[in-house]
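Let me begin by presenting the structure, written as structure tokens, before commenting on it.
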Amino acid sequence: YQRVLDLVGDSADDGYNYALVLYALKKYAAAEELIANRQYALLENKDMLLLYARTQKVQNKVEAVDSYAKWLVDNKDPKVRYEYAQVLEKAELYARALEECRTALTELNDDTRDPAKGELRYAIARLIFIADPENPEGMTELKGAIADGYNDFDAMEKLALDEKLSAVLQGEIRAIIDDAKRTEAEKKLAAAKEAEARKAAALEGDELILPLPPEAAFLSEAPGRISGGTMAVGARAPLVYRNYLENSGTGTSSLMPIDWARNSVVFGRDGPYPVKDEELSSQVLAAEFVLDGEKTWTGFEVRLGDGEAIVELAKTMEVPFRLYDFSDAAPSFTLILQFGVLSDQEKGLVENPSLLVEKQLYPPPTYVPDNPSGFSTAGRIGTIELDDSDRQKLKNATHLRLLVISSQSGQLSGRVLLGNPVILKK
């Protein structure tokens, strides 16, 4: 970025992207200086002004007060307003900070997650305790914050120990915290009992459905091993993500079928997407890909959650899937299904190859009528037989993984639709 700016000059680039990179690298002073030298951009680019305010905030500079105030003259965002309130509090301008928190609270809507309503109400309570400790509204807001889901007990404990507060007020806050902790513990116990009840109900019967919730699915990590070798993460192709939800005028949405023409690609999102498929008569997860000479494989994982208790019971699995919208009439690729303790960076899990069960879905290793060896776009059912060794490994399974591996020299694009596996206990 520095080289580009030196070559093209300020007229061709306002430096915002470069400042953004510096900010991401935590070079806050350098980012601030870069922006400060482009005053014209501060006047014309609201994103530049907000980044300027944030670089000042993270450096605890009082100038952030004016920068945030300028941004909020022409813009409205509860997250930014809450940041402004935090800057005001840092400058000991408690009354103004309280006013901005209350305004941010009115700007929240049903979709706002950051800041959460409970977090804002706790900030209001804390500011009232600091600025006007005799005001009973502080207690009302603290109780309201907890009722709205605020459960940062470390922050509340710190507040209860604040020497600026009277011993009586500290005791009242302590009583509220203790009550909230008891309620939280009761909720966790009830949730655990409910989860156990769901598992017990799911385990009844000889045929069980393994859920594949879309929110638990993500682009596959590089597998620790597959039959015949390993897969390099650099050779992994991304997955195209499409939105198949149709929104109604009443605020509800419906999941549409795979041939719905008004679907849209969601840029910046990578992974399998939910969609309906009439061939498989169900909601499925779709892995849409483009493979070539460099990007030779892709796939996705699903966290099993409550399904962990189901897979270890399987003697046979019936896996519905469909090969859809392929670029070749006779593509050369392999489709593999794995269960086990699989890599998951978000959850901090490291793959254990010794606890891996792997089965090939396509081309099928043996002939079965529901999964023919020849390529077609019809719905299929891959039948997987499991022995005692497999079931022993499945006792520890946390994830399912679907892998698409190309073996042809040219480009290969298509979609693999995966339905919910059926677990047969007998």
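So the values come out like this:
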| item | result |
| --- | --- |
| 20 Å Cα-Cα threshold exceeded, pairs from 26/117; 359/425; 46/76 | 26/117 |
| The range 342-426, accessible area per residue, ligands and nucleic acids excluded (1.4 Å, Å²) | 48 |
| Rounded to the nearest 20 debye, dipole of the range 47-94 from Cβ charges on Lys, Arg, Asp, Glu | 100 |
| Dipole magnitude of the chain about its Cα centre (Cβ charges: Lys, Arg +1; Asp, Glu -1), debye to nearest 20 | 540 |
| Distance histogram for the range 112-186 (every C-alpha pair counted, 10 angstrom bins, percent rounded to whole numbers) | 20, 57, 21, 2 |
| Cα-based Kirkwood hydrodynamic radius, the range 282-426, one decimal, Å | 15.9 |
| Mean Cβ neighbour count within 10 Å, used as a protection proxy, ranking 347-353, 44-50, 185-191, 22-28 highest first | 44-50, 22-28, 347-353, 185-191 |
| Cα-only radius of gyration and Dmax that characterise the chain, units Å | 27.6, 79 |
| Cα-based helix-to-principal-axis angle, 137-147 vs the chain, degrees rounded to 10 | 0 |
| Rounded percent of accessible protein surface that carbon and sulfur make up, the chain, 1.4 Å probe | 49 |
| Neighbour cut-off at most 16 other Cβ (10 Å), DSSP loop, trypsin sites (Lys or Arg not before Pro), the range 81-116 | 113 |
| D (Stokes-Einstein, µm²/s), Kirkwood Cα radius, the range 286-346, 1.567 mPa s at 4 °C | 88 |
| Solvent-accessible heavy-atom area per residue, rounded to whole Å², over the range 85-172 at 1.4 Å | 56 |
| Lys/Arg +1, Asp/Glu -1 at C-beta; the range 1-146 dipole; positive extreme among 55, 45, 145 | 145 |
| Positive-end residue, the chain charge dipole about Cα centroid, Cβ charges, pick of 91, 420, 336 | 336 |
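The values are calculated or read from the model by the stated rules, or taken from the named source; none is laboratory data. Since this is a predicted model, take the numbers as computed values, not measurements. A quick note on method: Cβ atoms are made from the backbone with ideal geometry, for glycine too, and the neighbour counts reach across all protein chains shown. Calculation scope for accessible area: heavy atoms of the full protein, side chains included, ligands and nucleic acids excluded. Shrake-Rupley method; radii C 1.70, N 1.55, O 1.52, S 1.80 Å.
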